[in-house]
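Everything on this sheet refers to the single structure shown next.
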Amino acid sequence: QMLALVARGGPFVQHAASSTGYSSEPVVVAVPPPTFKDNGTPGPRLMIDNTMGVGSDKARLHACIAIMNLSCGKSNKIEITSVKEILEAMRDVMLGRHFSSPPRDSSSSSRSSSNVADEARLKATTCIKNLSNADANDAALLGTPGLVETLGYVAEATCRPKSGATTCTTHACLALMNLSISKANKNRVFRTPGVMDALMAVITRTAPRTVSAMEPTNPKDPNFEARVKACSALSNLAIGYDNKIPMFNYPGFVESILTVIHTDKAEARTKACSILWSFAAEMKNQVPVVQRGDILPALVSVAKEDTKTEARFKCVAALTLLAESPENAVPLLRAGSLEPLMNVLQEAGPDPTQWRGQTASWCVGFLMNMAQCDDVVPALLQEGIVDLLAPLLSLDHYQSLKAAMAVTFVCQYDTGDKTYNLLRQTENVIPKIVGLLHNTLSGRGGSGYKYGVFTLRSSVGCIASLAAGPDFMKERIATNPVFESLLKVVEDFCVDGGTPGAIVGGGKDDTRSVTLAVRALSLLVGHLIPEPHCAAMPFGPAMDDQLITALRSFETSTHSVMDNNIRKLAHEARIRVEGGKNLHGHHKDSVSSDSSPDDLSDDGGGIGLSLARRFFPFPCGMNLHVPSDPTPSVTALPLPVKEDKMEVSDDAASDSSNGGDGSAVRTFLLTDARTGRRFAVPCDPAGGRQFNDNRLWCFRRGRFCNEGEVPDSNFLWSEELQVAYKMALNGNVTDSNTTSSQC
């Protein structure tokens, strides 16, 4: 406390009149140190209220040196900080209060020499820098009135426009950097008056003056050090969620950051790129960042040119996040962002376990985000995105999830053989995609990723793309958990007024996600119920009621962004669900994969492949049950379809447990023109089944049922289908390019 008093300029005295009135000698009275609000600017030792500090400038300097030396000890930092008089004294010294000659500031002539006040300010700033190294001191430092403001003042005052920074500048910026590390402090430091302007002044005044100066310089150079610490402090502040939008909009701030990126080649540039990454992480910033017009070229330039520092990684991450907003896809493509990121992936190679760092991983995420915009898909296909990502599809790795999603997005409108085979390769990743949707809605991460890495729009959009794909994809995702997740997206948007969104999207304001969810529901309901009143949903009356309520609520939603086309999809899906519900009386007779074998009795009109039942001569060694009142005859001409390779079971592990021989069954489709149902039938008349294998064939799944499964009762085999099947096998067709068979 005595050192603090001397450093502050004390002891402090005040002249008072004699109490007797006879003495001519002035009376001196000891008084407390002035408070912060008194004399808030640098001034002489004699204050306006006749208070005077009797300590000399030299004494104050030595007191500061003593306190600074004590603050170097690790065990001393917390104890020193607990003495509030020390923190107040260091603040006053940094402000230059009560010195006979005030310290220089940024407006002082470069020819003026330093004085004792300058030296004392350096020691006081160094002391605060030392104390800020201990996280436990944050509360006391932030709680000292005016201390953070003073650090900003010192950083700007000691960094001159012509000569640049000093050691004192670096230490002030370092103290601000330390105080901005904690999540709880970021908004507090950002809102402190003068801090942003001071840090911006430092990074601007320390810019290299010549082209040759852009090469890495001596790390001990004050300009280099001060610039790195100022950028580090700003980078810490930009990470704070409450700071991202106001910092992006802070007058002149983006320009100062771009100045660093354009003029620096070292650590400061990496920190500046990190700030842009933080801006891109805020969804509300993404479109404005691209619309500015000056940030995107800088990011692409660094991604192309910088192969030595982490600045490239930061810029790739920023580009990936900007691609989350569909509005940015075309500008990103036009800015040339695709080339450098695809080059990174090509250089990294096809094995993610051998990748160095996270840059290649972000590149896969960038391609996944870009693939969700239909306007840029042709360019992605032309640049070879599918061939680039194809090696990742068969891997049991986190990257296969993103690669499969990207391939699914770009291939959803292509029906060629190559695309179909690629989609087959993504089939083993479908459970991971479904799991991603569940985890995102549940607010948790998964294997290889944390919550928040994927937006809700990405997982819902991928489900919508799968639902628009071939039947085998629809089959894999037309499940109760997927319907529940899609239903939740719609409910959160419009049922009972909707809910607030999360960091990943969703809720009443996320029109993109709900549009994709309704589209997916429409496609999947259409898959399960091709025509109204021809079948029922297999998930029970409770799910039917929820779907009907949510879809009707969406239809009547007053949200201005929703167009009539998507409302029409919701309406058509609701009509199908309602028709199926009325047809089967709340699913009294409907059959799902959880139904028991008793549900398939002859009396119930079910279908099966049991040898003990009534059958038509199905030409593949499988006896086929037909109901007593078969479907009325229709005129049909069967046409061949593209063959696909279907696994006998949903996963390879079940082959042996289900008694199968582990071989695959090639199938093609027969479409019933009356109901629109597509029956997946085997190309091989033997069906790949042993003579004593009595498993049942499911025409919806296109394979034999596994243990505990039963065929879908909505797919009823008829005599007409049998005839059409024989004709297709015999090659009695008219057009070899037709992709479906009509019967």
Among all residue pairs at least 6 apart or on different chains, which show Cβ distances below 6 Å where the first residue, located in the range 666-686, is over 20 Å from Pro532 (Cβ atoms) and the second is open to solvent by 30 Å² or more (accessible area, probe 1.4 Å) and of a type in the set (Asp, Glu)? Arg666/Glu643; Phe668/Glu643; Cys683/Glu643
Out of the range 454-505, which residues are in contact (Cβ under 8 Å) with a residue 12 or more places away in the chain and among the β-branched types (Val, Ile, Thr)? Thr455, Val460, Ile463, Ile477, Thr479, Val482, Val489, Val490, Val495, Ile503, Val504
Considering residues of the range 495-530 that are assigned to a loop (DSSP other than H, G, I, E, B) and closer than 30 Å to Leu716 by Cβ only, the residue most open to solvent (accessible area, probe 1.4 Å): Pro530
Any residue in the range 54-81 that is crowded, with 19+ Cβ neighbours inside 10 Å sitting within a Cβ distance under 7 Å of a residue that is of a type in the set (Asp, Glu)? List the pairs, counting only those 6 or more apart or interchain. Leu61/Glu119
Does Phe472 satisfy being closer than 20 Å to Glu324 by Cβ, open to solvent by less than 40 Å² (accessible area, probe 1.4 Å) and among the hydrophobic types (A, V, I, L, M, F, W, C)? no
Here is a check on your reading of the model: is Ala238 in a helix (DSSP H, G or I), in contact with a Gly (Cβ under 8 Å, 6 or more places away or on another chain), buried (at least 23 other Cβ atoms within 10 Å of the Cβ) and aliphatic (A, V, I, L, M)? no
Could you run through the range 193-220 and say how many residues are polar (S, T, N, Q) and either under 17 Å from Ser256 (Cβ atoms) or at pLDDT 95 or above (or both)? 2
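Okay, residues lined up against (1) small (Gly, Ala, Ser); (2) within 29 Å of Pro208 (Cα to Cα); (3) open to solvent by 30 Å² or more (accessible area, probe 1.4 Å); (4) not in a helix (DSSP H, G or I):
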position	(1), (2), (3), (4)
Asp105	no, yes, yes, yes
Ala124	yes, yes, no, no
Asn130	no, yes, no, no
Asp138	no, no, no, no
Thr150	no, yes, no, no
Val154	no, yes, no, no
Lys162	no, yes, yes, yes
Leu176	no, yes, no, no
Checking the structure you have, find out if any residue of the range 280-294 is closer than 22 Å to Leu321 by Cα and among the basic types (Lys, Arg). yes
If we ask which residues in the range 356-406 are part of a loop (DSSP other than H, G, I, E, B) and not hydrophobic (A, V, I, L, M, F, W, C), their number turns out to be 9
Six or more apart or on different chains, Cβ under 7 Å: which pairs go from a residue in the range 241-257 that's over 22 Å from Thr206 (Cβ atoms) and assigned to a helix (DSSP H, G or I) to one that's β-branched (Val, Ile, Thr) and open to solvent by less than 20 Å² (accessible area, probe 1.4 Å)? Could you list them? Phe248/Val254
Quick one: how many residues across the range 302-327 are within 24 Å of Lys284 (Cα to Cα) and not aliphatic (A, V, I, L, M)? 9
Go through (1) surrounded by fewer than 20 Cβ atoms within 10 Å (Cβ to Cβ); (2) of a type outside the set (Ser, Thr, Tyr); (3) in contact with a helix residue (DSSP H, G or I) (Cβ under 8 Å, 6 or more places away or on another chain) and name the single condition Gly540 misses. (3)
Looking for something buried (at least 19 other Cβ atoms within 10 Å of the Cβ), over 22 Å from the mean Cα position of the chain (by Cα) and either among the polar types (S, T, N, Q) or within 27 Å of Arg512 (Cα to Cα) (or both) - is there at least one such residue anywhere in the range 378-388? yes
Within the range 269-285, is there a residue that is under 19 Å from Pro208 (Cβ atoms), among the polar types (S, T, N, Q) and buried (at least 20 other Cβ atoms within 10 Å of the Cβ)? yes
How many residues are more than 24 Å from the chain's Cα centre (by Cα) and assigned to a helix (DSSP H, G or I) if we restrict to the range 464-476? 6
Filter result (open to solvent by less than 40 Å² (accessible area, probe 1.4 Å), in a loop (DSSP other than H, G, I, E, B) and at pLDDT 85 or above) within the range 544-603: Ser557
For residues that are open to solvent by 10 Å² or more (accessible area, probe 1.4 Å) and among the hydroxyl-bearing types (Ser, Thr, Tyr), scanning just the range 334-360, find the one that is modelled with the lowest pLDDT. Thr353
Would you please name the residue that is modelled with the highest pLDDT, looking only at residues in the range 164-174 that are outside any helix (DSSP H, G or I) and out of contact with any strand residue (DSSP E or B) (no Cβ under 9 Å at 6 or more places or on another chain)? Ala165
Out of the range 285-313, which residues are of a type in the set (S, T, N, Q) and out of contact with any Leu (no Cβ under 7 Å at 6 or more places or on another chain)? Asn285, Gln291, Ser301, Thr307, Thr309
Just the residues that are charged (D, E, K, R) and surrounded by 15 or more Cβ atoms within 10 Å (Cβ to Cβ), please, taken from the range 419-463. Arg424, Glu427, Lys432, Arg457
Could you count how many residues in the range 477-491 are open to solvent by less than 40 Å² (accessible area, probe 1.4 Å) and outside any helix (DSSP H, G or I)? 1
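The values are calculated or read from the model by the stated rules, or taken from the named source; none is laboratory data. Computed from a predicted model, the values in this text were never measured in an experiment. Note that each Cβ is placed from the backbone with ideal geometry, even for glycine, and that neighbours are counted across all protein chains shown. When the accessible area is computed, the model is the full protein with side chains, heavy atoms only, and any ligands, DNA or RNA have been set aside. Shrake-Rupley method; radii C 1.70, N 1.55, O 1.52, S 1.80 Å.
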